[in-house]
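Chemist: Here's a structure for you.
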Amino acid sequence: MKLATLNDGTRDGKLIVVSKDITRYCAADNIAPTLQYALDNWAEIAPKLEVLYRDVEHQAVPCERFHEREAHSPLPRAYQWADGSAYINHVELVRKARGAEVPESFYHDPLMYQGGSDDFLPPRADIPLKDTAWGCDMEGEIACIVDDVPMGTTPEQAAKHIKLLMLVNDVSLRGLIPGELAKGFGFFQSKPATAFSPVAVTPDELGDAWKDSVIHRPLMVDYNGEPFGRANVGQDATFSLADLVAHAAKTRNLGAGAIIGSGTISNQDADGGPGRPVAEGGAGYSCIAEIRMIETIAQGEAKTRFMAPGDRVAIWMEDEEGHSIFGKIEQQVVQI
């Protein structure tokens, strides 16, 4: 099924069930007032939402037109947002650009940081930027929402706790990252508010494209109206979402509604190289930092600038028939 949260002016919005083609919706607040409430009581609530989803599909209940611009993040705020780095190609490029080797542990022990979860951006909201020197960048990713995950859960067990999937724009301020990492205590100011897709979907909606806790479809990223990234999420993934959930739960319980991200989707080129732009027949990039890394490695310096006021990014995913699965994240950078 497909779920979303209408931005009705309240802090947590109103839960709705959205049609498969993302054109219609029916309010679900008589079943669960918010998505967080549904996740807190998933075993009881999910079957009722499934019935409503079938009724929406069969047009057996009154529906209204779904406008993606009226949606908030499926979870406007969450108890937990932790982002991993499942694509080692991205990590290798980052470190190679600054002359550092990738530690062997990175290939079996995921990187992960804890992001701010008290204030997510709606999928069509502007990205506020105070200073272009901060190096504003998009990061196209996927993420899962889990129910209650006990500490010590294995990847095999973790797969059963993945209840919903979303797309992500994990905005990064690249100019602030080096100074924060140099303190030896991780990201904070360099990771502002994140945006998620208008719609969250249950894994069964993906059919054969959901396998081994990885989505096997390209993530579409356009930058200023031009194709920028078409990396396949199922390619070059060192870790699955279940691996990342298990990693996050190694020493703590994860509460229902926790969001775990994949990190930037990144593909190698067909010849094993770092990747080529879409315009040159490659899979492109899901963030600007990656093309800047490749420029630095090849030319000694980066040529592509980071985002500035007026720049626009769109992130979405299509099924085999070319229909949008999650709706579209569509944002513009604005000066504040």
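Chemist: Go ahead and set up a Gaussian network model of the chain, Cα springs under 10 Å, then flag whichever of 175, 184, 257 fluctuates most.
Modeler: 184
Chemist: Which residue, chosen from 66, 181, 88, occupies the Cα position most advanced towards the positive end of the dipole of the chain, where the dipole is computed from +1 (Lys, Arg) and -1 (Asp, Glu) charges on Cβ about the Cα centre?
Modeler: 181
Chemist: Could I ask something else about it? Could you give the length gained on full extension between residue 297 and residue 101, defined as 0.36 nm per residue of separation minus the Cα-Cα distance, in nm? The partial results should precede the final answer.
Modeler: Numbers: separation 196, 0.36 × 196 = 70.56 nm, distance 1.37 nm.
Working it through step by step, the gained length comes to 69.2 nm.
Chemist: Just the number please: accessible area per residue for the chain, 1.4 Å probe, all protein chains included, in Å².
Modeler: Details: 14740 Å² over 336 residues.
The answer is 44 Å² per residue.
Chemist: Return the loop-located trypsin sites (Lys or Arg not before Pro) in region 7-79 (DSSP other than H, G, I, E, B) with at most 15 other Cβ atoms within 10 Å of their own Cβ; answer none if there are none. Provide the component values of the computation, followed by the final result.
Modeler: Working: sites: 11, 14, 20, 24, 48, 54, 65, 69, 77; in loops: 11, 20, 77.
Listed in order of number, the matching sites are 11.
Chemist: Related question: Kindly give Rg over Rh for the chain, based on alpha-carbon atoms, with the Kirkwood expression for the hydrodynamic radius.
Modeler: Working: Rg = 19.2 Å, Rh = 20.1 Å.
My calculation puts Rg/Rh at 0.95.
Chemist: Sorted by accessible area with a 1.4 angstrom probe, largest first, how do 292, 276 fall? Could you put the intermediate results ahead of the total?
Modeler: Values: 292 65, 276 90 Å².
Result, largest first: 276, 292.
Chemist: Where both partners of a DSSP beta bridge lie in the chain, what percent of those bridges are antiparallel, to the nearest 5?
Modeler: Working: 49 of 56 bridges.
DSSP beta bridges in the chain are roughly 90 percent antiparallel.
Chemist: Still on this structure, please answer the following. DSSP loop (so not H, G, I, E, B), at most 15 other Cβ within 10 Å: list which GluC sites (Glu not before Pro) in region 130-160 pass both filters. Don't jump to the answer; show the numbers that get you there.
Modeler: Details: sites: 139, 141, 156; in loops: 139.
Nothing satisfies the criteria.
Chemist: Next question. Find out how many positive minus negative residues lie around residue 163, taking Lys and Arg as positive, Asp and Glu as negative, among other residues whose Cβ is under 15 Å from that of residue 163.
Modeler: On the way: positive: 2, 48, 160; negative: 40, 44, 50, 147, 148, 204, 205.
Taking every other residue near residue 163 into account, the sum is -4.
Chemist: If you keep only loop residues by DSSP, which chymotrypsin sites (Phe, Trp or Tyr not before Pro) in region 174-252 have at most 14 other Cβ atoms within 10 Å of their Cβ?
Modeler: Details: sites: 185, 187, 188, 196, 210, 223, 228, 239; in loops: 185, 187, 188, 239.
Loop-located and lightly packed - 185, 188.
Chemist: Here is a further query. For residue 212 and residue 334, what is the calculated FRET efficiency with R₀ set at 35 Å and r taken between the beta-carbons, to the nearest 0.05? Could the numbers behind the result be given before it?
Modeler: Details: r = 40 Å, r/R0 = 1.13.
Given R0 = 35 Å and the Cβ-Cβ separation, E is 0.35.
Chemist: Could you sort 328, 303, 160, 2 by accessible area so the largest value comes first, with the probe set to 1.4 Å?
Modeler: 160, 303, 328, 2
Chemist: How far is helix 288-299 tilted off the main Cα axis of the chain, in degrees rounded to 10, range 0 to 90?
Modeler: 20 degrees
Chemist: Continuing with this model, one more query. How far is helix 42-57 tilted, in degrees, relative to the longest principal axis of the Cα atoms in the chain, given as a value from 0 to 90 rounded to the nearest 10?
Modeler: 80 degrees
Chemist: Can you tally the net charge around residue 190? Count Lys and Arg as +1, Asp and Glu as -1, for every other residue whose Cβ sits under 9 Å from the Cβ of residue 190. Kindly include the intermediate steps, with their values, before the conclusion.
Modeler: Details: positive: 174, 191; negative: 180.
Local charge sum for residue 190: +1.
Chemist: For n ≥ 4 DSSP H runs only, could you compute -39500 (n - 2.57) per run for the chain, divide by its residues and tell me the 222 nm figure to the nearest 500?
Modeler: Values: 7 runs with 62 residues, N = 336.
Only helices count here, giving -5000 deg cm²/dmol.
Chemist: Quick check: at a probe of 1.4 Å, how many percent of the accessible area of the chain sits on carbon and sulfur atoms? Mind showing how you got there, number by number?
Modeler: Working: 7130 of 14740 Å².
The computed percentage sits at 48.
Chemist: I would also like to ask the following. Using R₀ = 22 Å, calculate the FRET efficiency as 1/(1 + (r/R₀)^6) where r is the Cβ-Cβ separation of residue 20 and residue 50; round to 0.05.
Modeler: Numbers: r = 13 Å, r/R0 = 0.58.
Given R0 = 22 Å and the Cβ-Cβ separation, E is 0.95.
The values are calculated or read from the model by the stated rules, or taken from the named source; none is laboratory data. Just so it is clear, the model here is predicted, and its values are computed rather than measured. Note: ideal-geometry Cβ built from the backbone for every residue, glycine included; neighbour counts use all protein chains shown. SASA here: full protein model, heavy atoms, side chains in, ligands and nucleic acids out. Shrake-Rupley method; radii C 1.70, N 1.55, O 1.52, S 1.80 Å.
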